[in-house]
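Participant: My structure is below; once you've seen it, I'll send some questions.
The values are calculated or read from the model by the stated rules, or taken from the named source; none is laboratory data. Owing to the predicted nature of the structure, the values given are computational and were not obtained by experimental measurement. So basically every Cβ, Gly included, is an ideal-geometry build from the backbone, and we count neighbours across all protein chains shown. Heads up: the accessible areas ignore ligands, DNA and RNA and are worked out on the full protein's heavy atoms, side chains in. Shrake-Rupley method; radii C 1.70, N 1.55, O 1.52, S 1.80 Å.
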Amino acid sequence: QVQLVESGGGLVQAGGSLRLSCAASGLTISNYAMGWFRQAPGKEREFVAALRWSGSRLYYADSVKGRFTISRDNANNTVNLQMNNLKPEDTAVYYCAAKLFAATTDQREYAYWGQGTQVTVSS
């Protein structure tokens, strides 16, 4: 049974940093493209960042480029999202997702999802 469990969310002031982690079980992340998505109140879920199964290509939403960094730790079967210079508009529930092989920004292509972790950025 595949499980993705996010952690690291919380309340932070604008300009601050948080590091989200996604611990995977039931799959080996080195065989999967991993993505982060977020959903703000009253809005649809949107793409944030993703990396290929090989880790050789990274993808970011324009709104987070230069501030967020996605990385994987194959030894611990974990994917991380380092978020710096956070803004109030980054407030959302952040979800980790997995799909085989190629990364994509299209959430419909991701087969496995975590339960989400709340990130709140105060102004």
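Participant: Only four residue types carry charge here, +1 at the Cβ of Lys and Arg and -1 at the Cβ of Asp and Glu. Report the dipole size of the chain about the Cα centre in Debye, rounded to the nearest 20.
Facilitator: Values: 12 positive and 9 negative charges, 35 e Å.
Rounded to the nearest 20 debye, it is 160 debye.
Participant: Just the number, please: carbon plus sulfur as a percent of the accessible area of the chain, 1.4 Å probe, no ligands or DNA/RNA counted.
Facilitator: Working: 2840 of 6200 Å².
Carbon and sulfur atoms account for 46 percent of the accessible area of the chain.
Participant: Output the Cα-based Rg and Dmax of region 1-47 in Å, rounding Rg to one decimal and Dmax to a whole number.
Facilitator: When restricted to the Cα atoms of region 1-47, Rg and Dmax are 13.4, 38 Å.
Participant: May I ask you to rank Phe101, Phe37 by accessible area, largest first, using a 1.4 Å probe over the protein chains only? Write down the numbers at each step before the final one.
Facilitator: Values: Phe101 120, Phe37 0 Å².
Most to least solvent-accessible, the answer reads Phe101, Phe37.
Participant: Among DSSP beta bridges lying fully in region 68-119, give the percent that are antiparallel, nearest 5. Each step should come with its number before you reach the end.
Facilitator: Working: 11 of 11 bridges.
Here the antiparallel bridges make up roughly 100 percent for region 68-119.
Participant: Something else: Just to make sure I understand: if all protein chains stay in place, what is the order of Leu4, Leu100 by accessible area at 1.4 Å, largest first? Show your work: numbers first, answer last.
Facilitator: Working: Leu4 10, Leu100 90 Å².
Final ranking, largest accessible area leading: Leu100, Leu4.
Participant: Follow-up question, since we're still on this one. Report the extension gain between Arg19 and Glu89 in nm, rounded to one decimal, defined as 0.36 nm multiplied by the number of residues separating them, less their alpha carbon distance. Walk me through the intermediate numbers first.
Facilitator: On the way: separation 70, 0.36 × 70 = 25.20 nm, distance 1.69 nm.
So the chain would gain 23.5 nm between Arg19 and Glu89.
Participant: Order Arg45, Arg19, Arg72, Arg38 by their accessible area, 1.4 angstrom probe, all chains in place, largest first. Mind dumping the intermediate values first?
Facilitator: Details: Arg45 75, Arg19 120, Arg72 45, Arg38 15 Å².
So, going from the largest accessible area down, we get Arg19, Arg45, Arg72, Arg38.
Participant: Another question, if that's okay. Sketch the reach of a paramagnetic label on Thr104 as a point 7 Å from Cα along Cα-to-Cβ, and name the residues of region 1-44 whose backbone nitrogen lies under 14 Å away.
Facilitator: Under cut-off, by backbone N: 33-35.
Participant: Can you give the log10 of the normalised intensity I(q)/I(0) at q = 0.09, 0.16 Å⁻¹, computed with Debye over equal Cα scatterers of the chain?
Facilitator: For the chain, the Cα-only Debye profile gives -0.21, -0.67.
Participant: Continuing with this model, one more query. Under a straight-distance cross-link criterion of Cα-Cα below 17 Å, which aspartates and glutamates are reachable from Lys43, leaving out those fewer than 8 residues away in the same chain?
Facilitator: Of all the aspartates and glutamates, those that pass the test against Lys43 - Cα under 17 Å, at least 8 places apart if same chain - are Glu89, Asp90, Asp106.
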